[in-house]
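Contents: one structure, followed by commentary.
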Amino acid sequence: MLEIIRIHNELLGTYGDRGNADVLQFRAGLRRIKSRITDISYLDPLPRSGDIYLLGGAEDAAQLLSLTALRKGSILARAANKGAVVLAICAGFQLLGNTYKTRDEEFEGLGLLDVSTAPGDKRLVGDIAVKSPLFLEPLTGFENHSSVTTLGTEATPFATVISGNGNGIAGIDGAMDKNVFGTYLHGPVLARNPEFADLLLERALGTAISPVDDELASRYASWRRGLI
């Protein structure tokens, strides 16, 4: 049974990123792979048993509540070190870094990615398209943030920006390290880019998965890319 952990949706669910879990479960089901979605409140301990952990976007106050809860026991970092897949969007991506700054204070992050985030000069809102070395086709999404995320020497960019802003610096979006992925793409990103969902399933299962005929998802992804 593939376990998909949706982390703190009441805090990290501002921009519909909860849908990433549903896309993963649906595409697993197309291949007769049994899965379950486990929703974890910030008041609950994070399970160690997850195969895929998902974090979404949030405003500052909710983001910091989530960070405080996730520090307990370093469970997410331990799961990632054992090979679990982590996908973190926007605020969730920022939490995975080394430090996260607000206008008033600096906080230590979870340290899963060698990145640091600080406030920027303007809000970055709108459609975004990126090209990741993991995929043949561009990925599309929607961004809404005002932060700038800088990569350290141990971080690899998730993608280069075709249009939009991404990390707000150097024309890149996100970061990745082994099975940990961070990006600023909302959408939800896995609904707009089904091949990304399939990659996460393969990483979680540790094996290649068969192609499926999901015509509606493929048509939608192609339509969004046609707008680039």
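Laboratory data are not the source of any read-out in this text; all were calculated from the coordinates shown. Computed from a predicted structure; not experimentally measured. All Cβ positions, even for glycine, are placed from backbone atoms using ideal geometry, and neighbour counts span all protein chains on display.
Residue by residue, here is whether (1) assigned to a loop (DSSP other than H, G, I, E, B); (2) over 13 Å from Ile7 (Cβ atoms); (3) touching a helix residue (DSSP H, G or I) at 6+ places or on another chain (Cβ under 7 Å) holds:
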| site | (1), (2), (3) |
| --- | --- |
| Ile33 | yes, yes, no |
| Arg36 | no, yes, no |
| Leu43 | yes, no, no |
| Pro47 | yes, no, no |
| Gly57 | yes, no, yes |
| Gln63 | no, no, yes |
| Ser74 | no, yes, no |
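Restrict the check to segment 3-15 and report whether at least one residue is surrounded by fewer than 18 Cβ atoms within 10 Å (Cβ to Cβ), in a strand (DSSP E or B) and in contact (Cβ under 8 Å) with a residue 40 or more places away in the chain.
yes
Go over the candidates Leu2, Leu54, Leu46 one by one and state the one that is under 20 Å from Phe158 (Cβ atoms), in contact with a Leu (Cβ under 8 Å, 6 or more places away or on another chain) and among the aliphatic types (A, V, I, L, M).
Checking each option against the conditions leaves just Leu54.
Search segment 137-166 for residues being free of Cβ contacts under 8 Å to residues at least 40 places away in the same chain and not β-branched (Val, Ile, Thr), and hand back the single one that is surrounded by the fewest Cβ atoms within 10 Å (Cβ to Cβ).
Here the residue is Ser146.
Please enumerate the residues belonging to segment 104-122 that are in contact (Cβ under 8 Å) with a residue 60 or more places away in the chain and of a type outside the set (A, V, I, L, M, F, W, C).
Hit for segment 104-122 is Asp114, nothing else.
Consider segment 172-201. How many of its residues are assigned to a helix (DSSP H, G or I) and either aliphatic (A, V, I, L, M) or exposed (fewer than 13 other Cβ atoms within 10 Å of the Cβ) (or both)?
Counting residues in segment 172-201 that are assigned to a helix (DSSP H, G or I) and either aliphatic (A, V, I, L, M) or exposed (fewer than 13 other Cβ atoms within 10 Å of the Cβ) (or both) gives 7.
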